[in-house]
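J.: Sharing a structure with you now.
The values are calculated or read from the model by the stated rules, or taken from the named source; none is laboratory data. All of these numbers come straight from a predicted model, not from anything done at the bench. Neighbour counts are summed over all protein chains in view; Cβ atoms, including those assigned to glycine, are modelled from backbone coordinates with ideal geometry. We work out accessible area using only protein heavy atoms, side chains counted, and drop any ligands, DNA or RNA first. Shrake-Rupley method; radii C 1.70, N 1.55, O 1.52, S 1.80 Å.
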Amino acid sequence: MAQRFARAASLARTVGTTVRNLALGRDDVPPLAPHLPPAPSHTVDADIPVDIGCIKVFRAESFPESGPSPWLDQPDALDIVARRVARREITPRQAEICRSWVEHGYYVLRGAIDPDTIDEVWAAYEAAIAGGDLTLAPEKAAPDDPHPGRYLNPHLKVEAIDRLLKHPVLMNFSSMVLGRPAIPFQTIASHKGSQQSEHSDSIHMTTYPLGYLAACWVAMEDIHADAGPLVYYPGTHRLPYLFSHDVGITTDEFRERGYGAYSERYEPAIKQEIREHGATPAYFTARKGDVLFWHANLLHGGSARADMQRSRKALVHHYFAEGCICYHDLSATTSAVHGPVESLPTCGASSPDIAVRERISL
């Protein structure tokens, strides 16, 4: 019963946010999700079929080059947007968002999440820390750094964060740009700037076919320029994907050395890409409740913290799309969407040949 009331209150606040934003001339959220039928978790919608049960090493080089690409990654994406507007499948406002996504690889929804929801979610997170349900490592960036480190997947322990992960504005936006229903996957909570080196999310959270990941950064307070805001590079989503094998990180090396190999090989390669293509950084000095969404391959990171005393409270969410194989290229493991390898179908179990399936079932 309490969960039902919480959901109703959350929906009411979402409607209130939309009305308030329209009155203030801000973004008219939420955009609508495409009406697509849900797919079973092991069904892969790809031009070149792949049996998930037959994959032995979950790395990009284990998969063929295959489409379909996400609809906004296709060469004629702008034409598709125009046709969808003409057919009234999307609104002119949604078309504007989609065109910006095609060109820049990100979009900012101002005031997307109402202040009451922001305060409620962050208070629940702090309460879980104070109550001992969550333990944060110090991760001191300097001797005078007063803020604790990040926490991975707090939504698994804090119901309010889980509700925000599934917020209709965030789910619908992600579904719209992916062109398929979004699957909430991962959260990261932080009190301070990460100062993380630039990267593409796709080496960490990968899909087959490529590109079916969307991420968003929710500002849980006003973000000051000295707090180390999120830095991102508009247009870099169109650069070639860079995976572990491209920079010579083998599965054995990552298993033995972990992120040592990543920092030595992948991070310098990304910085070289930025230099070679003359990519210009942008900084997300957000207001509380603003949300920045970005493409699976957009290069981004955490800028330097000029003032260690300033906090940068934020939640990062990642969403996979239905109909994909979802895995982690760097660690060569399946994602939680599919579960551990042991839970995958036996190799050949999804074969269209009935005789093959019958032999497997014996």
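J.: Counting just the residues of the stretch 264-289 that are surrounded by 16 or more Cβ atoms within 10 Å (Cβ to Cβ) and among the acidic types (Asp, Glu), which one comes out nearest to the chain's Cα centre (by Cα)?
T.: Checking each candidate, the answer is Glu267.
J.: Please specify each residue of the stretch 321-346 satisfying the condition of being within 21 Å of Leu152 (Cβ to Cβ) and either in contact with a Leu (Cβ under 9 Å, 6 or more places away or on another chain) or part of a loop (DSSP other than H, G, I, E, B) (or both).
T.: Cys326, Asp329, Leu330, Ser331, Ala332, Thr334, Ser335, Ala336, Val337, His338, Gly339, Pro340 - these are the residues of the stretch 321-346 that are within 21 Å of Leu152 (Cβ to Cβ) and either in contact with a Leu (Cβ under 9 Å, 6 or more places away or on another chain) or part of a loop (DSSP other than H, G, I, E, B) (or both).
This table checks each residue for (1) open to solvent by less than 20 Å² (accessible area, probe 1.4 Å); (2) not in a loop (DSSP other than H, G, I, E, B); (3) not aliphatic (A, V, I, L, M).
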| site | (1), (2), (3) |
| --- | --- |
| Leu72 | yes, yes, no |
| Leu78 | no, yes, no |
| Ile97 | yes, yes, no |
| Val108 | no, yes, no |
| Gly111 | yes, no, yes |
| Ile129 | no, yes, no |
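J.: Right, here's the next one. I'd like to check something: does the stretch 300-317 contain any residue that is more than 19 Å from Tyr208 (Cα to Cα), at pLDDT below 95 and open to solvent by 50 Å² or more (accessible area, probe 1.4 Å)?
T.: At the first step, the residues of the stretch 300-317 found to be more than 19 Å from Tyr208 (Cα to Cα) are 300-317.
From what's left, at pLDDT below 95: none.
There is no residue in the stretch 300-317 that is more than 19 Å from Tyr208 (Cα to Cα), at pLDDT below 95 and open to solvent by 50 Å² or more (accessible area, probe 1.4 Å).
J.: Determine if the stretch 35-52 includes at least one residue that is at pLDDT below 95, out of contact with any helix residue (DSSP H, G or I) (no Cβ under 9 Å at 6 or more places or on another chain) and part of a helix (DSSP H, G or I).
T.: Looking for residues that are at pLDDT below 95, out of contact with any helix residue (DSSP H, G or I) (no Cβ under 9 Å at 6 or more places or on another chain) and part of a helix (DSSP H, G or I), one finds at least one in the stretch 35-52, hence yes.
J.: Please work out if Ala227 is closer than 28 Å to Thr135 by Cβ, touching a residue at least 12 places away in the same chain (Cβ under 8 Å) and more than 19 Å from the chain's Cα centre (by Cα). It would help to see each step written out before you state the result.
T.: Values: closer than 28 Å to Thr135 by Cβ: yes; touching a residue at least 12 places away in the same chain (Cβ under 8 Å): yes; more than 19 Å from the chain's Cα centre (by Cα): yes.
So Ala227 fits the description; yes.
J.: Can you tell me which residue is surrounded by the most Cβ atoms within 10 Å (Cβ to Cβ) among those in the stretch 54-70 that are assigned to a helix (DSSP H, G or I) and out of contact with any His (no Cβ under 8 Å at 6 or more places or on another chain)? Working first, answer last.
T.: Just the residues of the stretch 54-70 that are assigned to a helix (DSSP H, G or I), to begin with: 54, 60-62.
Filter again for out of contact with any His (no Cβ under 8 Å at 6 or more places or on another chain), leaving 54, 62.
Working: Cys54: 15, Ser62: 17.
Here the residue is Ser62.
J.: While we're looking at this one, here's another question. Could you list, in sequence order, all residues of the stretch 140-155 that are of a type in the set (A, V, I, L, M, F, W, C) and farther than 14 Å from His318 by Cβ?
T.: Step one: filter the stretch 140-155 for residues of a type in the set (A, V, I, L, M, F, W, C), giving 141-142, 152.
Hits for the stretch 140-155 are Ala141, Ala142.
J.: Right, another one. List every residue pair whose Cβ atoms lie under 7 Å apart, where the two residues are 6 or more positions apart in sequence or sit on different chains, the first residue falls within the stretch 123-136 and is in contact (Cβ under 8 Å) with a residue 60 or more places away in the chain, and the second residue, located anywhere, is open to solvent by less than 50 Å² (accessible area, probe 1.4 Å) and aliphatic (A, V, I, L, M).
T.: Tyr125/Val158; Tyr125/Ile161; Tyr125/Ala189
J.: Has the stretch 147-159 got any residue that is part of a helix (DSSP H, G or I) and within 24 Å of Pro240 (Cα to Cα)? Please lay out each step first, then the result.
T.: Narrowing the stretch 147-159 to residues part of a helix (DSSP H, G or I): 154-156, 159.
Applying the additional criterion that residues be within 24 Å of Pro240 (Cα to Cα) yields none.
No, there is no match, as no residue in the stretch 147-159 is part of a helix (DSSP H, G or I) and within 24 Å of Pro240 (Cα to Cα).
J.: Could you list, in sequence order, the residues of the stretch 156-177 that are open to solvent by 20 Å² or more (accessible area, probe 1.4 Å) and of a type outside the set (S, T, N, Q)?
T.: Leu156, Lys157, Glu159, Asp162, Arg163, Lys166, Pro168, Met171
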